[in-house]
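Undergrad: Before I ask anything, let me first share the structure, which is written out below as structure tokens.
The values are calculated or read from the model by the stated rules, or taken from the named source; none is laboratory data. No experiment lies behind these values; they were computed from the predicted model shown. Don't worry about glycine lacking a Cβ; one is built from the backbone with ideal geometry, like all the others, and counts go over all protein chains shown.
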Amino acid sequence: MNPHKYFQILVISSLLIFAGCSATSREYAASTAAQAADVRVLPEGGHWQDVFDASEGSTEWEAETYQIGPNDLSFEVDLVDPIYPDMEALPYTVVLKRDARGFPLEYRMFLRTGVCLDGTCKLLEATLYWDALGHFVRFEYPQGTPFTKWEHDPFSAADYENLYGFLADSLSILGTQPLGFFVVEKNKEGSADSDTETSATPADAKEAVVEGAAYTTWVLWRWVHGEVMAQLLAQTNENLSVDYLLECLQSDNSQFVQFALNTLQAQGLSDERLYPACLAVLEVGGQRDSILALDVLTTHSGDQVGLQLDVVERIGINRDSGRVILNYFKKIDRADPRVWQQLARQIQQLTDFIEIDMSLDILAKRVGDDVIVRERITELLQSDNLFIVARAQDILDSSRR
């Protein structure tokens, strides 16, 4: 080859290599600058709290979270970051939203946290909401600051929907298994992923987290279902009133009904309005609600005869409470005759065969002692319900022996 041409090729190649290196350097610098604008880097050996302390302060979203209405209350709770359980608890401001009567409606708290294992991620910012009993309700996030998965990809609408479903499950395995059960590092060597990849095993781990955001799912679940719940409920308990308990007893949410009943079991029926409100639970409440209501009534009512007469009239109104009430009467050896007489009348209104059978079993033990009860059972022979007729005839025949 001509030496002159060889020299030209060498020079051109060198220039191309230099140009390529320069381009690569520019791309790297641009990438680093872009990352610095969007991604926080966790100091080696540090915690995400180190990043928060060095941040620019409250965002507009955070400020809006903590705006106080005329009836609202602001206070602090002490919480430990679930990722660093050995760290000291830190104070977090919470706002209690109250209605015009001063009744608690919901709690809200701003959260800024890291959601990655590799130390480089877009920090998650959100406002978390709980109801008056400390149960998770929802989350909201600032516009333009979406939650992210691995590779810093933003959540889709389906991801948010799935995340809400996972957070709403208070019995999730997210509360019983450590973070390592759900995630493995996607690329342990130099990965810049903002989250971690769901582990291939066990299978139930995948079913409990958003794909590509296992870390985020686990961390948020621990925040909303952690020690914050007890502190929020304690705040509600500090401001209880009879009016609020009455409101809870009439709630369509069984959790609030049971909260009120458990409170009354400890405090008693100090207000005359509470007795009929507990009776009303037997008419509309579920089985657990009815058990608690009857327990409160029998524990704290001063007039047991009056109570029994009030309770027996509610058999047949609500299937969830019917068997609860009948089990109560089944255990009573002696009662005012009017109670058994009223029970005999109630049978005509019953449609549940088990309730009918339980009622007749109870009356069978009293038919020989009470003329009116016997008369009522005799009247049942005219019923259109052949089962009732057969059982009534059985009871009358047995009483003659």
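Undergrad: Can you tell which of A260, A280 is crowded, with 21+ Cβ neighbours inside 10 Å, small (G, A, S) and in contact (Cβ under 8 Å) with a residue 12 or more places away in the chain?
TA: A260
Undergrad: For the range 382-401, which residues satisfy the criterion of being within 18 Å of W340 (Cβ to Cβ) and not hydroxyl-bearing (S, T, Y)?
TA: I388, R391, A392, D394, I395, L396
Undergrad: Collect the residues in the range 291-302 that are at pLDDT 95 or above and surrounded by fewer than 17 Cβ atoms within 10 Å (Cβ to Cβ), keeping them in residue-number order.
TA: Within the range 291-302, T298, T299 qualify.
Undergrad: Something else: Considering each of L249, L220 in turn, give the residue that is touching a residue at least 24 places away in the same chain (Cβ under 8 Å) and in the same structural domain as Y328 (by TED's automatic domain parsing).
TA: L249
Undergrad: Can you confirm whether V137 is modelled with pLDDT of 90 or more, of a type outside the set (S, T, N, Q), farther than 30 Å from A280 by Cα and in contact with a helix residue (DSSP H, G or I) (Cβ under 9 Å, 6 or more places away or on another chain)?
TA: It is false that V137 is modelled with pLDDT of 90 or more, of a type outside the set (S, T, N, Q), farther than 30 Å from A280 by Cα and in contact with a helix residue (DSSP H, G or I) (Cβ under 9 Å, 6 or more places away or on another chain).
Undergrad: Mind checking which helices (runs of 4 or more DSSP H) fall wholly inside the range 150-265 and carry at least 1 residues that are modelled with pLDDT of 90 or more?
TA: Where helices (runs of 4 or more DSSP H) fall fully within the range 150-265 and carry at least 1 residues being modelled with pLDDT of 90 or more, they are 157-168, 214-225, 228-238, 242-249.
Undergrad: Consider L42 against the criteria (1) surrounded by 10 or more Cβ atoms within 10 Å (Cβ to Cβ); (2) at pLDDT below 90; (3) assigned by TED's automatic domain parsing to the domain that holds L111: it satisfies all of them except one. Which criterion is unmet?
TA: Unmet condition: (3).
Undergrad: Quick check on the range 266-304: of everything there that is polar (S, T, N, Q) and assigned to a helix (DSSP H, G or I), which residue is nearest to the chain's Cα centre (by Cα)?
TA: Among those residues, the one meeting the criterion is Q287.
Undergrad: Output the number of the condition that D153 fails; it satisfies all remaining conditions of (1) touching a Phe, Trp or Tyr at 6+ places or on another chain (Cβ under 9 Å); (2) closer than 17 Å to E125 by Cα.
TA: Just one mismatch for D153, condition (1).
Undergrad: It is to be established whether one or more residues within the range 80-87 are within 28 Å of Q235 (Cα to Cα), among the β-branched types (V, I, T) and in contact (Cβ under 8 Å) with a residue 24 or more places away in the chain.
TA: yes
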